[in-house]
Amino acid sequence: MPELPEVEVVRQSLAKRIINKKIRKVIVRNRNLRFKLPHNFENYLKNKKISKIGRFSKYLILYFSDNSYCLIHLGMSGTIHIINKNKKNKITNLSFYNSPTLPKKHNHIEINFEEFKIIYNDPRRFGFFQLIKSTSDLRNKFLHLGPEPFNKKFNSKYVYSYFYNKKKNIKSFLLDQNFVSGIGNIYASEILFMSKIKPTKNVNSLSKIKCRSIILNSKKVLLNAINKGGSSIRNFKDAKGKIGNFQKNFKVYQREGLNCKRVHCKGVIKKKIISKRSTFYCSLCQK
DNA sequence: AAGAGGCCCTGATAGC
DNA sequence: TGCTATCAGGGCCTCT
């Protein structure tokens with residue numbers, strides 16, 4: 001699923017189309033997402049004008065002109081597609097699957113605007129839409145989340161003291177949204193490669209310098225991914241069997257058995273399951 | 001309180 | 001061809 005960079009790219013692309021637009025009609029085909037859509041979902045959104053689209057961590061936030069909100073999470077497999085009306089179903093694809101056409105199944109939510117509509121597709125249904133009635137309710141939704149890597153609160157003092165007396169490996173902490181929010185399974189491996197730290201390394205044995213390195217590389221890796229339009233992309237075969245051609249920029253993710261990309265390093269990329277998730281690292285240069 | 005593990009769900013792929 | 005097992009970008013919940 002999208003991690004912070006992919007969600008940000010979706011936000012930017014959506015913003016170009018939906019700011020100051022009014023929702024005309026909402027159609028729900030399957031209410032059973034991660035959280036069941038309320039019965040008034042369609043009516044609540046109808047005639048709402050979108051004043052802004054924001055993002056925190058992996059959450060998208062639709063801001064309505066009446067100061068209410070809609071929180072969107074894409075889960076593992078959620079994608080958003082824009083379909084222009086009156087132009088022979090031309091699709092602007094905001095998913096991270098290189099599919100030229102709208103998927104046939106799992107198009108759960110359709111939000112109609114005057115000249116186009118957006119479709120929420122999600123095979124696994126781990127994603128969700130939530131209506132938020134007030135600014136304080138919105139704030140409460142994010143209370144339990146740690147700072148984003150870009151936030152100045154994510155500094156070495158915070159990280160170093162957070163790790164004090166903790167007995168868990170660093171990979172798990174990068175995935176722990178209470179500690180830092182926005183990093184997912186792909187970028188966790190990439191960040192640790194950049195920092196030359198083995199994912200199994202226990203955090204209580206990390207030096208301040210290593211903590212700084214993690215902070216720096218978290219920002220670097222995520223920003224780089226945003227600038228590349230989201231790099232965490234799986235190949236996807238469309239209905240005609242054509243393979244997606246998005247480039248991968250991964251240094252370690254899904255590179256098990258291949259040579260380390262670091263100059264002069266003779267290491268080989270290993271794969272290890274850490275807290276139920278695949279983790280990739282170089283056998284030599286990550287210590 | 002911290003940490004480990006189960007669970008939600010569908011689809012692609014590998015192996016027999 | 002068809003079966004089964006495993007894995008997939010997340011995060012909530014429960015148990016110890």
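All of the numbers you see were taken from the coordinates with simple rules; none came from a lab. In this text the structure is predicted, and so the values were computed from the model without any measurement. Please note: Cβ atoms are built from the backbone with ideal geometry, for glycine as well, and neighbour counts cover all protein chains shown.
Once the cut-off is 28 Å, how many percent of the Cα-Cα pairs in chain A end up in the long-distance tail?
When every Cα pair of chain A is considered, 41 percent fall beyond 28 Å.
With the Cα gyration tensor of region A:1-68 in hand, convert its eigenvalues to equivalent ellipsoid semi-axes via √(5λ) and list them largest first in whole Å.
Listed largest to smallest, the semi-axes of region A:1-68 are 21, 17, 10 Å.
Return the distance in nm (one decimal) between the two label points of a simple spin-label model at residue A:27 and residue A:40, each offset 7 Å from Cα along Cα→Cβ.
2.5 nm
Is there a quick way to get the dipole size of chain A? I mean about its Cα centre, with the Cβ of Lys and Arg at +1 and of Asp and Glu at -1; what is the value in debye to the nearest 20?
The dipole magnitude comes to about 620 debye.
What's the center-to-center distance, using Cα atoms, between region A:1-49 and region A:166-222 in Å?
Cα centres, region A:1-49 to region A:166-222: 32 Å.
Projecting each Cα onto the charge dipole of chain A (Lys/Arg +1, Asp/Glu -1 at the beta carbon, about the Cα centre), which of A:175, A:132, A:53 comes out farthest on the positive side?
Result: A:175, furthest along the dipole toward the positive end.
Which GluC sites (Glu not before Pro) in region A:96-168 sit in a loop by DSSP (not H, G, I, E or B) and have at most 12 other Cβ atoms within 10 Å of their own Cβ?
A:114, A:115
If each residue of separation counts as 0.36 nm, what is the full-extension length gain between residue A:249 and residue A:150 once their alpha-carbon separation is subtracted?
33.5 nm
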